[in-house]
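Here is the structure we will look at, set down as structure tokens.
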Amino acid sequence: KRIDMENNRSIEGTGLGLAISKQILTLMGGTIEVESTYGQGSVFTVHISQKVMSEMTVEEHRNSAGNSDAPVKRIKNASGKKILVVDDNEMNLRVAQAFLQPSHAEIKTLKDSTEALTELASTKYDLVFLDDLMPGLNGSAVLLRTRRMDNNPNAETPMVIMTVNGGKRERKDYERAGFCACINKPLSEDAVAEITNALI
């Protein structure tokens, strides 16, 4: 339960996060410890027992002979190209940027769809990733308005929709709307590499 409500009125949420985390960790046979200093912050330490099944790294495991997991797709060098990623979730932007970084392309990220429209009206990009659901304008609305703008430098730029609704029917709807590809969220490194390699 929170203390000093007078000074913490601006903090959103119900404070259930720690209780839920503890329940999940208990089910996993783990524990959580908290060290907190009022006015300074808190440190949460999680302990979960794990068996070491192999000394191989993740990369070695992926590429080992007879492993059912396919090697991670390599994103091609896109040095000199520009890629725009628009998503209102900061974590999604960080993940997308990390997956695109090995391409050596110039990557710009934006959290606001209206700001993205302004950016697309003034700067030419080689590839654009748009989140499906954003406050204000969604990804489809951004694409439609960009295509309809006079003398827009991105009138024919390949645009990819990022969505949690990536079923066959939805994919066809996105294609009809003008998207070149649909990528499911949460993003995977393979999917980002495959789509980028095909469109840039």
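The values are calculated or read from the model by the stated rules, or taken from the named source; none is laboratory data. Model, not experiment: these values are computed from the prediction. Every residue, glycine as well, gets a Cβ built from its backbone with ideal geometry; the counts of neighbours run over all protein chains shown. All accessible areas refer to the heavy atoms of the entire protein, side chains included, with ligands and DNA or RNA removed. Shrake-Rupley method; radii C 1.70, N 1.55, O 1.52, S 1.80 Å.
Any residue at all in the range 78-94 that is open to solvent by less than 60 Å² (accessible area, probe 1.4 Å), small (G, A, S), closer than 30 Å to M159 by Cβ and modelled with pLDDT of 80 or more? Yes, the conditions are met somewhere in the range 78-94.
Can you list the helices (runs of 4 or more DSSP H) found entirely within the range 97-200 that contain at least 1 residues being over 22 Å from N77 (Cβ atoms)? Walk me through how you get there before you give the answer.
Details: elements: 113-122, 139-148, 168-177, 189-199.
It comes to 113-122, 139-148, 168-177.
When you scan the range 155-172, how many residues do you find that are without any contact (Cβ under 8 Å) to a residue 24 or more places away in the chain, of a type outside the set (G, A, S) and in contact with a helix residue (DSSP H, G or I) (Cβ under 9 Å, 6 or more places away or on another chain)? Spell out how you get there, then give the answer.
From the range 155-172, those without any contact (Cβ under 8 Å) to a residue 24 or more places away in the chain are 155-156, 166-172; that's our starting set.
Next cut, of a type outside the set (G, A, S) only: 156, 168-172.
If we keep only those that are in contact with a helix residue (DSSP H, G or I) (Cβ under 9 Å, 6 or more places away or on another chain) as well, we get 156.
Total meeting the criteria: 1.
Evaluating I75 against the criteria (1) at pLDDT below 80; (2) open to solvent by less than 60 Å² (accessible area, probe 1.4 Å) leaves one unmet condition, (1). Taking the criterion of being of a type in the set (G, A, S) and in contact with a helix residue (DSSP H, G or I) (Cβ under 6 Å, 6 or more places away or on another chain), the only residue of the range 137-154 that qualifies is S140. Just one residue in the set V128, V85, V142 is over 12 Å from the mean Cα position of the chain (by Cα), among the β-branched types (V, I, T) and under 20 Å from A198 (Cβ atoms); that residue is V128. The number of residues in the range 178-200 being of a type in the set (S, T, N, Q) and open to solvent by less than 20 Å² (accessible area, probe 1.4 Å) comes to 1.
Check L144, L117, L127 and return the single one that is surrounded by fewer than 21 Cβ atoms within 10 Å (Cβ to Cβ) and under 15 Å from F179 (Cα atoms). Before the answer, list the steps.
Details: L117 fails: under 15 Å from F179 (Cα atoms); L127 fails: surrounded by fewer than 21 Cβ atoms within 10 Å (Cβ to Cβ).
Step by step, each of L144, L117, L127 is checked, and only L144 is surrounded by fewer than 21 Cβ atoms within 10 Å (Cβ to Cβ) and under 15 Å from F179 (Cα atoms).
Might you check whether a residue that is more than 17 Å from I200 (Cβ to Cβ), open to solvent by less than 20 Å² (accessible area, probe 1.4 Å) and more than 17 Å from the chain's Cα centre (by Cα) occurs anywhere in the range 157-168? No; the residues of the range 157-168 include none that is more than 17 Å from I200 (Cβ to Cβ), open to solvent by less than 20 Å² (accessible area, probe 1.4 Å) and more than 17 Å from the chain's Cα centre (by Cα).
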